[in-house]
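Taking it in order: structure first as structure tokens, then the write-up.
The values are calculated or read from the model by the stated rules, or taken from the named source; none is laboratory data. Remember, it's a predicted structure, so these values are computed and weren't measured experimentally. Note: ideal-geometry Cβ built from the backbone for every residue, glycine included; neighbour counts use all protein chains shown. We work out accessible area using only protein heavy atoms, side chains counted, and drop any ligands, DNA or RNA first. Shrake-Rupley method; radii C 1.70, N 1.55, O 1.52, S 1.80 Å.
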Amino acid sequence: MEFFVKNAGIIALLPLWVFLIIMFGQNLSIYENKKFTLWLTATSTFAGLICSSFILAWTMSHNEPYIQNFIWLEAGYIKLSVGVIVDNLSAMMLMVVTSVSLLIQIYSHEYMNKDEGYHRFFAYLNLFNFSMLGLVLSTNLFQTYIFWELVGVSSYLLIGFWFRRPSASSAATKAFIINRIGDCGLLLGILGFLFFSIIFWLNSSDVFLGFSSLPQAAKYVYAATGSTPMLYTIIAVLIFLGPVAKSAQFPLHTWLPDAMEGPTPISALIHAATMVAAGVYLIARVYPIFELSNDAMTIIAWTGAITAIMGATIAITQQDIKKALAYSTCSQLGFMVMAMGAGAYAAGLFHLMTHAYFKAMLFLCSGAVIHGLNNQQDMKYMGGLRKHMPAVAYTYLIGCLAISGIFLSGFWSKEEIFSGLLANNHIVLLIIALIVAGMTSFYMFRTYFLTFEGEYRGNEHPHNASKVITLPLIIFAIPSAIIGFILCGKFGLPSFDNFISPTHEIVEHSENFILPVISLIISLAGFGLAMVLYVDKYRDKLNINLDNFIQKVKPAYNFSTNLWYIDKSYYKLIDYMVIPVCKLMSNFDKYIVDGIVNLIALMTGFSGWVLRLFQNGNVQTYATILFGGLMLLTFVLTIYWLL
Amino acid sequence: MEVIYNLFFYLISFVLIISALGVVFMPRIVYSAVSLILAFISVAGIFVMLNADFLAITQIIVYAVGITIILIFAIMLTGKISEKKLWIAFAPRTLFAFAISGAFFVTILFAITDGFKLVARESNIFSATLPSLETIETLQTEGTTGIIGKALFTKYVLPFEVLSLLLIAAMLGAIVMTKKSGDNLINHTTKTIEED
Amino acid sequence: MFMEIFSVIFNVGLTHYLILGAIMFCIGLLGLIISRNVIRVLMSIEILLCSVNINFAAFANYVDINNIQGQIFAVFIIAVAAAEAALGLAILLSLYRNKPTIDTEEISELKG
Amino acid sequence: MNLLFDIANVLLPEAFLSILIILCIILTFVLKEENQNLVFAAALTGLILTLFSFIFIPFSQENQALYGNFVSNSFTIIFRILILIGTILTVMLSRRYTSNFSNSIGEFYTLILIATLGGMLLTGANDLIMLFVAIETLSISSFALCGYTKLDKLSNEAALKYLIIGAASTAVMLYGFSFLYGITGQTNIADIIKVLPNYQPSIVLILSFLFILAGFGYKLSAVPFHVWAPDVYQGAPIPVAAYLSVVSKIAGFAALTRFMTLIYSDISIFTVAIAVIAVLTMTVGNLMALGQKNIRRLMAYSSIAQAGYVLLGLSVLTIEGVSGIIFYLIAYLFMNFGTWAAIQIFATETGMDSIDDYNGLAYKNKYFSLCLAICLLSLAGIPFTSGFFAKFYLFKAIAFAGLNYMPLLIIALVNTVLGVFYYVKVIRAMYVRTNNGTAKQNGKLKISLSLQSVLVVTVLTTLLIGVFAGSFIDISKFAAKSITINKKSPVESFSDISSFIR
């Protein structure tokens, strides 16, 4: 077991090798067979999974993290290093990433089989795996930042995978730009943090920005900026900007729904299960920094809350199945961030893990549906698909139950968030969370009923998914259903809290059953409402006309369908503020900067031409230059010295 | 004695400078070569005045005999061209050449006389001390060959050995250059031969 | 004043030899740059090296009379100069075979 | 025996190399024409053995050999190793080139080996005579190698120009040596250092420095002593051009660094001179490279500019600067050699060396173009290549040397930007432009094994240095520590970073 821990870097390096092999071996004849790529990828990920499980077992029995560092770059006083950290947090993330990506790789083999970019897809997938695992294993903020960027790049490549579609490439660009805003904030935050703590690091034996010394460093910075606590808060919020963009939090969430232009396995892996969770992971990693500033924690919690409720309200009216799931992801990520901000550290991570499994499964199910209907994503043209693809329908139902918090794993993780909020006296947030939980249940079952129940409303003939597609779904259904229960820490079962936060004080579980019961009732209410509104049978019985209902709540409905007018206001902002400024700048650029640049280019070209005149091929001219230059140097320096 | 020494110095210097100028300005290259021999012999004379007998002999053997013979060979081998037009280049660089030479001379004069001080001998730029008569006596009676030979095989044995390799390199280069070539040492970029 | 100049002229010492070396160097430099004949250019290089030798011998005599390391240096320079001259003429001949000219103005195909 | 002890402790690789040279000469004259390729094998194995013989030399201490003529310490050892690696690569690069002619194969390798011996001795030469003989051994072998393609007019012309300029600058350097000798009455550098502080700095000392600098500047192709470089690189056989631009230059830098730090480090005028030359070198190199159409001339100007960056490291005259030089040269060896190897491959296969001939190469020869592009990007100093780290480390040393050096740093940065343009020009030709059918490069290049391995090794090492920059920096730091800088008044420097944070 020690062996696996000491060589944990291999887990991250395996996908890199596979990426290189696929990238550089595309022309080899062995690649005629697509299975080779699949086997290579799946084997490497499976090996990673095995290693991760050993590492997980190791971390159960060891409290001290294992850290390994290599100095990578020494620039004067600043030593930047890369390395591997193995502790409970990274072990959990390793497990989640490897297991989810293994199943999704198998799924993608079938999903992407007809696509001409099959190898490219798998290459990118491996690149993403490498960067994500590298991010998880990072020992310091600097390394984290590098892999953070790499993750962004691979996400960009995968969103724009079908780059011939204009919508896909523009979505990729949008994701990239919005992520740049966050990354910029993150970098500024890291630099600010480093600036104030550099003396601490110089005296410390740890590597620069190492996570294991982060609590002390945070305290040092807090003391260094003691006179102005505002400054510390600004640094913390700047660092938080990174997760805001990556985890699609308000107001930088707009890229995530657009990112659904990528292939569905990508939506499942990157934009639901792993990459968007990286933001939450980063919050967990630099938690010591946030903890010291109450203002920063409040900002984090409220950002999460706003995102949660916004995502939920928008998801209610979405017609596109993937968009609805995307907004639900936003909302759930908001949940996690809210929990982190409110102090329920472990609960946020617990929800991250459970969410990873059931959201990945939900996306894969939607992918199966879309695949079965020849790329039809609009729920208007679905319905009654349970008869055509039963396996997909039942796994989707399990996912809905899980995410809604009705008994399955989502119930346990959400319950922890609720009790964490209560324990930290965030009553307002608790109420918001409960409302969002009800809404979650409503919109999830809305999608379920619209897709799988009732009559089929489409034109294409739906065909059932193949075994390669359904197998990962069924495997995913198991953790989605039970993982919350297994780790809930009640009834003598192992506790996730104890595992993940041995150093933090554990939030005492209020042993009253009122909160779970309330949340269950709310979820069931949402379920019931969805059933009433979207199952034809009951709707007819109760005589409800959906269009009339919508007319009654028209402003709210419009508010939701227009995505809270956020995108529109962004575009307005860009139209009326940014573009005129840009035009001004571009004119400035065109006439003044370009003029200067052209002048410089002309001058360099001219001076090059003049210098080349001396290079006329005659050896004695060369000798003249040599001696003339020498004499000139001698004169100048002698006079300089004599003066 | 002193006066004779001085007169000799000026005589030899005069011949040396004139013959060196002859090398540069003689209209025919053969006259230049002859002038060069004269210059080399004058340099040998200068060496004798500087108590460097071994150096003087070497100078005559290597330069005045060896190198000039090679040069004359080269002149003969390339001698088909009418030499008149190959005298002095009337190009802008000729003007520069005079300017640079003048500047060079002035700079060195300025430096070694410590800023044109007439009494340069007492200047402390160089660790110059008049050689004592005894040492000159020994050098003149015993010659410098012994000292040089001993130094070459003790203190300077490494450069001496490396010098042999240098000469080998020059020899190999000259052989390759002038070897009668039935072989195909042609433009390396155009010819392709299957390898392995 | 006159006596001073007279004494400087008729007390030949280190400086005189150095000035002689400098004059030789300047003549060599001149020849290197202004002649059009490659062989004359090579001759000028020999003059340059000779001037260096004069310098070394003078310094050996006036500075380092006991070890005369300057003379040894000069011996090395003579040897290297001979090698250089031989190689230079060999290169010149092989150039002459390809392109029958010894005019430096014409040997200027590589430029720019 | 003192002699044997010296050789075993200090000069073992050189002794090996000498034996190898003699062996090669014998083989050259004994073997028949068709067996001459054996000399290649002998030279290659011998060189690799020589490389291994460094194991037996003590790294950490300073040893003098043969009456103080040669000094071996970690600084000279790392440079000797670099020179040997460069030679091995040159020998492998020449394999294809020498197969073109039948009866002068052995001589070629022998000359390369002699030049290498000269270069290795140059790094540690501790006596003016030794220095002169070593530099001439390197030069004279190079002259012969330059004109090796004797039926090619351009090659002859290049050799002749190289020889004339070389002899002239040697004469100037000797003039400088004679002054140095005159001032101190010693030829041994260790003795010179002992005697020199007793004398007032005079114009003669400055003259001697500048004249000696001219001799070294000629080896480094520093402006204004650079004029030979483009013509020679274009005319000489490509392996020889690669050798001159890498090995010869590295040897020159080693000698100049030792010379500068040992003898001329205590008066600021000398660093000013080096700084002026460095600025001139990189600016002129980059400006002239911009308009080039022949890739070999382009590489010549590029290597001039690169020498300017390295000289910048010398101008600060700190241990940091010296270690920056070493690291830069390590990176430079591989990236520059990789580029030359690619040029050689392209030239042997197509017979062309204009940049326009590279148009659209990437579509047919993917990996070849990738290798060339990596080397060029590294030369340009694009982030996360070895060239970037080398520049970064060097510029950092300059930045930390003091505020006086800020203008130098700014000029260097502007020059780096300028440099990107012409390196990218080649890459753009390969990747963006299309082959309009005028060029002969149809189909794939058939690359022979030796050339392929040179390219692969250099590119991989370039990437490796980029990834593990830290350990290479450690090596260069270790090597730089054995250099002693006799500075009387150290330049005021930011010794404490906290002083400007607070």
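Longest stretch of chain A clear of exposed loop sites (trypsin sites (Lys or Arg not before Pro), DSSP loop, at most 15 other Cβ atoms within 10 Å, sites excluded): A:165-386.
Separation of segment D:255-281 and segment A:172-250, taken as the distance between their Cα centroids, equals 43 angstrom.
If you roll a 1.4 Å probe over chain D with all protein chains in place, what percent of the accessible area is carbon or sulfur? The nonpolar share, carbon plus sulfur, comes to 68 percent. Residues considered: C:Phe76, C:Phe25, C:Phe56. Largest GNM mean-square fluctuation over chain C, using C-alpha springs under 10 Å, is found at C:Phe76. The value of relative contact order for chain A, using C-alpha pairs under 8 Å at least six residues apart, is 11 percent. Counting Cβ atoms of other protein chains within 10 Å of each residue's Cβ and taking the mean over peptide D:268-277 gives 2. Cross-link pairs exceeding 26 Å between alpha carbons, from the set A:Lys6/A:Lys246; D:Lys249/D:Lys477; A:Lys34/A:Lys380; A:Lys79/D:Lys219; B:Lys180/C:Lys111; A:Lys6/A:Lys359: A:Lys6/A:Lys246; A:Lys34/A:Lys380; A:Lys79/D:Lys219; B:Lys180/C:Lys111; A:Lys6/A:Lys359. The slack in the chain from A:Ile78 to A:Val428, taken as 0.36 nm per residue of separation less the alpha-carbon distance, amounts to 121.5 nm. Based on the alpha-carbon gyration tensor of chain D and its eigenvalue square roots a ≥ b ≥ c, which shape applies: rounded if a/c is under 1.5, prolate if not and a/b is larger than b/c, or oblate? Oblate shape, in that a/c is at least 1.5 and b/c is the bigger or equal ratio.
The label-point distance for D:Phe478 and A:Asp589, in a model that sets each label 7 Å from Cα toward Cβ, rounds to 4.9 nm. Per-residue shielding of B:20-29, expressed as the average number of other chain Cβ atoms within 10 Å of the residue Cβ, stands at 5. Between amide H atoms placed 1.01 Å from N, distances below 5 Å from A:Phe70 occur with A:Val82, A:Gly83, all of them 5 or more places distant or on a separate chain. Stretched out straight at 0.36 nm per residue, the stretch from D:Leu23 to D:Lys366 would grow longer than its current Cα-Cα span by 119.4 nm. Within the listed set C:Ile45, C:Ile27, C:Ile91, the residue fluctuating most in the Gaussian network model of chain C (springs between alpha-carbon atoms under 10 angstrom) is C:Ile91. Take the Cβ atoms of B:Met171 and B:Tyr31, set R0 to 22 Å, and the FRET efficiency comes out at 0.15.
If packing is taken as the mean number of other Cβ atoms within 10 Å per residue, what is the order of B:133-139, D:380-386, highest first?
Put in order of decreasing packing, that is D:380-386, B:133-139.
With contributions of -39500 (n - 2.57) from each DSSP H run of at least four residues, the per-residue ellipticity at 222 nm computed over the protein assembly as shown stands at -24000 deg cm²/dmol. Placing a label point 7 Å from the Cα of B:Glu2 along the Cα-to-Cβ line, the residues of segment C:1-40 whose backbone N sits under 16 Å from it are C:3-16. Here the relative contact order of chain D, from alpha carbon pairs under 8 Å that lie six or more residues apart, stands at 15 percent. Taking the Cα of D:Leu449, stepping 7 Å toward and past its beta carbon, and measuring to each backbone N in segment D:328-358: which are under 19 Å? Zone members listed by number: D:345. Summing charges over all other residues whose Cβ lies under 12 Å from the Cβ of C:Val80, with Lys and Arg as +1 and Asp and Glu as -1, gives -3. For the chain pair C and D, the buried solvent-accessible surface (1.4 Å probe, both sides summed) amounts to about 3600 Å². With R₀ fixed at 60 Å, the C-beta to C-beta distance from B:Val65 to D:Leu463 puts the FRET efficiency at about 0.55. Note on A:Lys174: aspartates and glutamates with a C-alpha under 20 Å away, same-chain residues under 8 apart excluded, are A:Glu149, A:Asp183, A:Asp258, A:Glu261, A:Asp320, A:Asp567, A:Asp575.
The B-C contact accounts for roughly 7600 square angstrom of buried accessible surface, both chains included, probe 1.4 angstrom.
Nearest 0.05, what FRET efficiency do C:Ile9 and B:Phe98 give at R0 = 25 Å with Cβ-Cβ as r? After rounding, the FRET efficiency stands at 0.45.
Work out the mean other chain Cβ neighbour count within 10 Å for the residues of D:182-191 and drop it here as an integer.
Mean partner-chain Cβ count within 10 Å for D:182-191: 6.
Listed peptides D:263-270, D:172-179 appear in the order D:172-179, D:263-270 once ranked by packing, highest mean of other Cβ atoms within 10 Å at the front. On the protein heavy atoms, probe 1.4 angstrom, tell me the percent of accessible surface of chain A carried by carbon and sulfur. Exposed carbon and sulfur together represent 69 percent of the surface. A simple spin-label model places the labels of D:Asp266 and D:Arg428 5.3 nm from each other, with each point 7 Å out along Cα-to-Cβ. Measuring from centroid to centroid over Cα atoms, what is the spacing of segment A:272-305 and segment D:1-15 in Å? Spelled out, the Cα-based centre of one part sits 66 Å from the other.
Probing with 1.4 Å while keeping every protein chain in the model, the per residue accessible area of chain C equals 23 Å².
Taking 7 Å steps out from each Cα toward its Cβ at D:Phe384 and B:Thr135 produces label points 6.6 nm apart.
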